[in-house]
């Protein structure tokens with residue numbers, strides 16, 4: 001059977017993409033965003049923040065051992081996970097908002113896959129040259145010393161970027177200077193080395209070899225974005241009514257009938273996804289707008305108006321085809337959908353800020369010991385036992401005093417303490433066993449349990465917290 005009669009394969013082989021260097025306002029914006037995001041990622045663990053002598057001084061720290069998340073002056077405890085959930089909700093709503101207003105602008109400018117791929121392509125261009133040079137090197141089947149030198153140099157640079165990426169990630173989970181010293185001397189925990197190895201490999205592979213494949217096949221957002229967009233969404237598009245019919249030859253008798261597009265392929269050559277925006281909206285487009293910069297540059301050279309490829313909305317197509325100007329940008333952005341997303345986003349943010357400011361610096365939980373529920377002492381006194389967890393969110397050791405209200409006959413005593421006060425170390429939750437007793441003959445004989453309220457007071461600041469519980473055995 002000949003090759004032509006064979007059934008086509010299920011999957012097409014990947015065609016390597018070598019985007020050409022381009023200059024323009026959108027490319028400059030991408031450079032700025034890349035510098036800011038990478039700067040934040042790599043430098044944030046090294047910023048110091050003084051919280052007191054007993055607390056870590058790293059500004060951003062996810063302390064898994066201590067079960068704390070520190071973010072400058074904010075400290076999140078395990079029972080306050082709703083703050084993290086709220087931030088995730090805000091991130092989702094923000095993504096919906098930007099997508100509904102400007103399409104996949106997140107994917108094109110701030111997505112980690114895009115940022116690191118841009119960095120890898122930049123390094124690749126420095127080492128191997130621009131698009132044509134990289135294409136010639138790729139098509140060179142025979143490996144010689146020059147090709148091997150360029151490829152090995154590029155891969156080493158990519159590995160170093162991946163290593164820095166993995167190293168920066170683990171610094172968020174431990175004191176960065178201490179961990180860096182332990183990593184160099186080989187004294188760090190194996191988990192740190194394993195995490196760095198995994199992130200080094202994934203960064204090297206995703207940014208160097210997978211690139212657009214991650215955006216097309218691994219990321220679910222291209223398939224979800226359609227639900228967030230409508231005809232008023234501003235996204236990158238091609239004005240075919242102005243550009244068609246396209247053609248390169250402008251000196252023929254048919255030149256007056258030609259559109260503005262000279263079919264130079266500049267928009268395709270700069271696209272990191274390897275698509276032709278002139279074919280219309282495509283799932284692969286990440287709205288990076290590099291094709292706009294490339295097309296505007298060509299239009300300026302041939303003396304045509306800019307904007308053949310531009311941010312545009314489908315709802316403006318009818319007016320533009322008729323020669324009318326499009327609606328103002330703000331009318332596309334300020335519409336019911338985006339206003340709704342903005343309102344929800346702001347509401348969640350204000351709720352988190354409000355919850356942050358009203359939360360107490362002390363907290364307690366009370367768990368009655370159920371086995372047995374109560375004990376009758378030799379003199380007839382009834383005793384209940386409680387495990388009380390006291391949380392001190394201050395940066396210094398505080399003295400806490402416990403008391404009970406609900407029945408004057410009930411008395412409090414603490415295991416291991418002479419009085420009713422206990423010292424709780426800074427930024428810790430201390431478990432204290434508490435005994436509450438009722439002398440014989442106090443309280444109604446028919447009542448098997450009595451409600452009570454256990455209070456804790458910060459002796460230094462006077463701040464108080466309470467929990468309601470029950471006292472068992474009064475009817476015995």
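The values are calculated or read from the model by the stated rules, or taken from the named source; none is laboratory data. Owing to the predicted nature of the structure, the values given are computational and were not obtained by experimental measurement. Virtual Cβ from ideal backbone geometry, glycine too; neighbours counted across all protein chains shown.
Somewhere in the range 242-259, is a residue out of contact with any strand residue (DSSP E or B) (no Cβ under 7 Å at 6 or more places or on another chain), surrounded by 17 or more Cβ atoms within 10 Å (Cβ to Cβ), assigned to a loop (DSSP other than H, G, I, E, B) and modelled with pLDDT of 90 or more?
Scanning the range 242-259, I find no residue that is out of contact with any strand residue (DSSP E or B) (no Cβ under 7 Å at 6 or more places or on another chain), surrounded by 17 or more Cβ atoms within 10 Å (Cβ to Cβ), assigned to a loop (DSSP other than H, G, I, E, B) and modelled with pLDDT of 90 or more, so the answer is no.
Might you let me know whether the range 84-102 holds any residue that is more than 30 Å from residue 269 (Cα to Cα), in contact with a strand residue (DSSP E or B) (Cβ under 9 Å, 6 or more places away or on another chain) and in a helix (DSSP H, G or I)?
The answer is yes, given that some residue of the range 84-102 is more than 30 Å from residue 269 (Cα to Cα), in contact with a strand residue (DSSP E or B) (Cβ under 9 Å, 6 or more places away or on another chain) and in a helix (DSSP H, G or I).
Of the conditions (1) part of a strand (DSSP E or B); (2) more than 30 Å from residue 319 (Cα to Cα), residue 136 satisfies every one except a single condition; which number is it?
(1)
Taking the criterion of being assigned to a loop (DSSP other than H, G, I, E, B) and under 20 Å from the mean Cα position of the chain (by Cα), would at least one residue in the range 140-163 satisfy it?
No, there is no match, as no residue in the range 140-163 is assigned to a loop (DSSP other than H, G, I, E, B) and under 20 Å from the mean Cα position of the chain (by Cα).
On the basis of being exposed (fewer than 15 other Cβ atoms within 10 Å of the Cβ), outside the structural domain of residue 80 (by TED's automatic domain parsing), at pLDDT 90 or above and touching a helix residue (DSSP H, G or I) at 6+ places or on another chain (Cβ under 9 Å), does residue 351 make the cut?
yes
Hey, any hits in the range 135-143 for a residue that's under 18 Å from residue 274 (Cβ atoms), in contact (Cβ under 8 Å) with a residue 24 or more places away in the chain and in contact with a helix residue (DSSP H, G or I) (Cβ under 7 Å, 6 or more places away or on another chain)?
Scanning the range 135-143 turns up no residue that is under 18 Å from residue 274 (Cβ atoms), in contact (Cβ under 8 Å) with a residue 24 or more places away in the chain and in contact with a helix residue (DSSP H, G or I) (Cβ under 7 Å, 6 or more places away or on another chain).
Can you spot a residue in the range 13-36 that is over 30 Å from residue 309 (Cβ atoms) and in a helix (DSSP H, G or I)?
The answer is no; no qualifying residue exists.
Looking only at the range 309-318, decide whether some residue is outside the structural domain of residue 31 (by TED's automatic domain parsing), surrounded by fewer than 18 Cβ atoms within 10 Å (Cβ to Cβ), assigned to a loop (DSSP other than H, G, I, E, B) and at negative phi.
No, the range 309-318 contains no residue that is outside the structural domain of residue 31 (by TED's automatic domain parsing), surrounded by fewer than 18 Cβ atoms within 10 Å (Cβ to Cβ), assigned to a loop (DSSP other than H, G, I, E, B) and at negative phi.
Within the range 45-83, restricting attention to residues that are assigned to a helix (DSSP H, G or I) and touching a residue at least 12 places away in the same chain (Cβ under 8 Å), which residue is nearest to the chain's Cα centre (by Cα)?
So, considering only residues that are assigned to a helix (DSSP H, G or I) and touching a residue at least 12 places away in the same chain (Cβ under 8 Å), the one nearest to the chain's Cα centre (by Cα) is 83.
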